[in-house]
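Here's the structure, in structure tokens; my notes come after.
The values are calculated or read from the model by the stated rules, or taken from the named source; none is laboratory data. All figures in this text were calculated on a predicted structure; none of them were measured in a lab. Quick reminder, even Gly has a Cβ in these numbers, built from the backbone with ideal geometry, and neighbours come from all protein chains shown. When the accessible area is computed, the model is the full protein with side chains, heavy atoms only, and any ligands, DNA or RNA have been set aside. Shrake-Rupley method; radii C 1.70, N 1.55, O 1.52, S 1.80 Å.
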Amino acid sequence: MHSKEESIGVFDSGVGGISVLRELLKCMPQEKYLYFGDSANAPYGNKTTQQVRQLTMEAVQHLMAQGIKALVVACNTATAAAIKELRETYPNTIIVGIEPALKVASDHFPTGRVGIMATEVTLREEKLAHQLERFPRLQTQRIPAPGLVELIERGKGDSAETQVLLETILAPYAGKLDALVLGCTHYPFVKETIGSILGESTLLLDGGEGTARQTQRCLAEAGLLREGTGSVTIQNSLNDPEILQLSHQLLRK
Ligand code: DGL
């Protein structure tokens, strides 16, 4: 049995999930959050599915051992590789996994040209193919972004290096997309640069807000919403105070 007073565990391969934690805090400021970033093993996005699954199971075990009433998988890559196994392993805990915001894209542009920018794992996993089958009228384009997560993990999201990398990846799509789905939780931290390259006619979407609302719905249904003053605890597998500093900085961004 879970209690209202337990924390909501939030997991990502690194600092990306902080973009989801931001949305969770907007939606439910009265909750206690326990965030764990596995920066020692990031990026997950170019590993094998089996490796991502194993790292995810280990990281989640660390969160579960501290007593959490719900788990938010704030990592599209981990959701794609391991959500099924997580739900089988922890059937009595609410588990919400972030997914690329294709439904929102389709609601805005039912037959639109939609780019999906995500990690290699997310782009190749069956989960995305299944999700896409639900929106056959969308004209989708998969856009990998190798190297981007590494820059954001190193606190270089606002650097010239990131600007150049994003221009290389996205310039061919400038003015050609109705929407770009940011299918990795690290990407909202470089949203402004992405927007400046693609132009105002492209709507940028991410799954953070939807994931927060879904978590709120599940907790409400289970009678597990907390009252009072909330709190945030951030942990990271990397034994380095700088990564915690970066995490708190991104939370305020
Ligand atoms: N933030 C993760 C996601 O949402 C992936 C980053 C990584 O490659 O580790 O997909």
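Here is how the numbers come out for the structure above:
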| item | result |
| --- | --- |
| Number of the condition not met by His186 [criteria: (1) over 14 Å from the mean Cα position of the chain (by Cα); (2) in contact (Cβ under 8 Å) with a residue 12 or more places away in the chain; (3) within 19 Å of Arg154 (Cβ to Cβ)] | (1) |
| Scope the stretch 6-42; condition closer than 17 Å to Gln235 by Cα, of a type outside the set (Asp, Glu) and assigned to a loop (DSSP other than H, G, I, E, B); matching residues | Ser13, Gly14, Val15, Gly16, Gly17, Ala42 |
| One residue from Ala74, Ala40, Ala81, Ala65 being surrounded by fewer than 21 Cβ atoms within 10 Å (Cβ to Cβ) and within 12 Å of the ligand (Cβ to nearest atom) | Ala40 |
| Members of the stretch 208-222 found to be open to solvent by 40 Å² or more (accessible area, probe 1.4 Å) and either touching a residue at least 60 places away in the same chain (Cβ under 8 Å) or touching a Gly at 6+ places or on another chain (Cβ under 8 Å) (or both), listed by number | Glu209, Arg213, Gln214, Gln216, Ala222 |
| Residue list for the stretch 43-62, restricted to those being without any contact (Cβ under 8 Å) to a residue 12 or more places away in the chain and either surrounded by 15 or more Cβ atoms within 10 Å (Cβ to Cβ) or in a strand (DSSP E or B) (or both) | Gln54 |
| Residue satisfying condition, being more than 16 Å from the ligand (Cβ to nearest atom) and among the aromatic types (Phe, Trp, Tyr), within set Phe189, Phe109 | Phe109 |
| Matching strands (runs of 3 or more DSSP E) fully within the stretch 126-210 where at least 1 residues are of a type in the set (Lys, Arg) | 139-144 |
| Residues of the stretch 47-62 that turn out to be over 24 Å from Ile116 (Cβ atoms) and either within 12 Å of the ligand (Cβ to nearest atom) or basic (Lys, Arg) (or both), as a count | 1 |
| Residue pairs meeting the criteria (Cβ under 7 Å; at least 6 apart or on separate chains; first touching a residue at least 40 places away in the same chain (Cβ under 8 Å) and assigned to a loop (DSSP other than H, G, I, E, B), in the stretch 65-84; second of a type in the set (Asp, Glu) and more than 12 Å from the ligand (Cβ to nearest atom)) | Gly67/Glu6 |
| Residues that are under 16 Å from the mean Cα position of the chain (by Cα), within 15 Å of Leu225 (Cβ to Cβ) and open to solvent by 40 Å² or more (accessible area, probe 1.4 Å), drawn from the stretch 1-25 | Leu25 |
